[in-house]
Amino acid sequence: MVEAAAGEQLFTMPSLGADMEAGRLVAWKVGVGDAVKRGDIVAEVETEKGLIEVEVFADGVVRELLVEPGAKVPVGTALARIGGAAESGAAAGGEAETDGAGAGGAARVDVAYAPAAAPGSAPGEAIGEPVESVGETAYGAAPGKTKLDGAPSTPAARREAREKQLDVGGVRGSGSHGRVGLEDVRGAEGDAGGARVASAAATGARGEGSAAEAGRVRATPVARRRAEERGVDLGAVEGSGRDGVILLADVEKAPVGVTGPAKTKAASPAEAMRAAIGAAMARSKREIPHYYLTHTIDLGAAMSWLEARNADRPPTERVVPAALLVKATALALKKVPELNAWWTGSAAPPKAEVNVGVAISLRGGGLVAPAIPGTDQLGLDALMAAMSDVVERARRGALRASEMGSATVTVTSLGDRGVESVIPVIIPPQVAIVGFGTPSERPWVVDGEVVPRTLVTASVAGDHRVTDGHHGARLLARIEKLLQKPEKLDS
Amino acid sequence: MTRDEILAALRRHLNAIVPGEGDELALDDDIRDELDLDSMDFLKLVQGLHEDLGVDIPETDYGKLDTLEAFVGYLSR
């Protein structure tokens, strides 16, 4: 572990949800020597939830950046040292007071920020550290160590994962504390490649290349990455691991190929997000026994009420129908709290707060679902302002860490020009997601007469480990009831 | 307000919503379809025009405003 020196605080990879195990540092928004205040955005992190801006939680001066952009590190990993404001002058040296494992972190910084080092030399040697420690800290544990990407795993599971070229960090553990066992790895191997997707996301644009490569040369992921960095041809390396698997140390010893050191390739944000969504959704479909219900709701009263409410207001104070749907869902969840919860591995205790995650599609591809805290407590104007703000920031990639990972349920609404209904996929660790199709005018029977009416098809997907269709049905019925008295949603 | 002023304001606000694409839009393209605008985006456009040009487009008229040409016709009345 990297430890903070006196007067310092460590800025660490935040957890943006119970299920988040690791994140990729995409960019630093600050440099060494910069003064930061609590709440300042200091870094951009790519997670399974998309690209997030991360705030710092202390005032001070950035003394050292410990992780290079592009690196994927477990939650809790020290990313930077933040010193007290008064000590800014002393920060230049950036000497690390660390224990053994932490020395890897310091070595990593030298790799990232000391381009003067000879390309062919192992970066660790430059400061006299064992070469392998570089790989351990920057890329997750080297083969044979206890952890990969922060997920506890059994030795047999790790061995199996190595043989199958799987990323243990991408496998959901079924043991206590999420420990990954042999069966989990075998299960992951059998599915459509969720763990490999995670691994591909971790290795960036090379995803396809490494899958193809896996068939020819057997190497650990960390060795593969190092080989690419150094420009080493894996085909020419003799593996010293079990069954000739190429280990990190083998790569470090190997001669550098004629191509020279390769630049670390970064996936485009769209590619990275697609891979992350794929991993999260594959995990959802693999683990969550979904049930689905749909229900057609008469929006006539709600639309007339909203139209009248908007009519005498300037455009800046108008509310879109989606806000009514989100508010109705939040209030309905107070009555069916079982669906407003996080799966913890064996149960899903209801959450006290209703933080609706609003699914937002991004131009250029991708999807995020940032939370609106205390959705059920917001009046329509406040809710509309919050939704509008979060949509705008989501689209320019400026969501905050504090908004991510706190959603207790998600609402996906396909706007006013989309399709009739949506059968959504639950976002783990949530246990339900509510969908709304396009409100549209359709024939409806009112008092024995067929009349044109604005209808919306609402749907819910629930986690059968936690609730049954009965709960989902109660939720949809409650949403319907609330939408018949729209004025009650505005408080 | 001239036709050119209206078009310039429309393209400026569309560019703010969908960077770069407001310039590409033809006069008779369906704005919502071409730029994949949802109701929140369209409201942002109406808000922008309200702030810029001082025009207040009531919600009941949103449906008529499907192309740049339709906006120009509506706002030059």
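Coordinate-derived values only; no laboratory data. Being a predicted model, the structure only gives us computed values, none of them experimental. Here Cβ is always computed from backbone atoms with ideal geometry, including for glycine, and neighbour counts include all displayed protein chains.
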Inset, instruction - Within the range A:406-450, report the GluC sites (Glu not before Pro) that DSSP leaves as loop and that have at most 11 other Cβ atoms within 10 Å. - result: none
Inset, instruction - State, to one decimal in nm, how far the label point of B:Asp33 lies from the label point of A:Glu420, with both points 7 Å from Cα in the Cβ direction. - result: 2.0 nm
Inset, instruction - Please turn the phi angles of the range A:343-352 into ³J(HN,Hα) values with the Karplus equation 6.51 cos²θ - 1.76 cosθ + 1.60 (θ = phi - 60°), one per residue in order, whole Hz, x for glycine and proline. - result: 6, 9, x, 9, 7, 9, x, x, 7, 5
Inset, instruction - In whole angstrom, note down how far apart the Cα centers of the range A:41-76 and the range A:418-490 are. - result: 38 Å
Inset, instruction - Determine, from the Cβ-Cβ distance of A:Asp381 and A:Ala4 and an R0 of 45 Å, the FRET efficiency 1/(1 + (r/R0)^6), rounded to the nearest 0.05. - result: 0.55
Inset, instruction - Can you put B:Leu37, A:Leu299 in order of Cβ neighbours within 10 angstrom, beginning with the fewest? - result: B:Leu37, A:Leu299
Inset, instruction - Fewest Cβ neighbours within 10 Å first, please rank A:Met384, A:Met303, B:Met1 accordingly. - result: B:Met1, A:Met303, A:Met384
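If you take each beta carbon of peptide A:311-324 and count the beta carbons of other chains within 10 angstrom, what is the mean?
Averaged over the peptide's residues, the number is 4.
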Inset, instruction - Would you mind classifying the range B:3-75 by shape? Square roots of the alpha carbon gyration tensor eigenvalues, ordered a ≥ b ≥ c; an a/c under 1.5 is rounded, otherwise it is prolate if a/b is larger than b/c and oblate if not. - result: rounded
Legend entry - B:His50-A:Ser440 FRET efficiency (beta carbon distance; Förster radius 30 Å; 0.05 resolution): 0.65
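Cut-off is 10 Å between beta-carbons; in what order do A:Ile82, A:Ile426 appear when sorted fewest neighbours first?
A:Ile426, A:Ile82
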Inset, instruction - With a/c under 1.5 counting as rounded, go ahead and sort the range A:305-374 into rounded, prolate or oblate using the C-alpha gyration tensor (a ≥ b ≥ c being the square roots of the eigenvalues; past the cut-off, prolate if a/b is larger than b/c, else oblate). - result: oblate
Inset, instruction - Using R₀ = 45 Å, calculate the FRET efficiency as 1/(1 + (r/R₀)^6) where r is the Cβ-Cβ separation of A:Lys285 and A:Lys488; round to 0.05. - result: 0.75
Legend entry - For A:Ile372, residues with placed amide H under 5 Å, excluding near neighbours: A:Val356, A:Gly357, A:Val358
Inset, instruction - Read phi for every residue in the range B:38-50 and hand back ³J(HN,Hα) as whole Hz from Karplus 6.51 cos²θ - 1.76 cosθ + 1.60, θ = phi - 60°, with x for Gly and Pro. - result: 9, 5, 5, 5, 5, 4, 4, 4, 5, 5, x, 5, 4
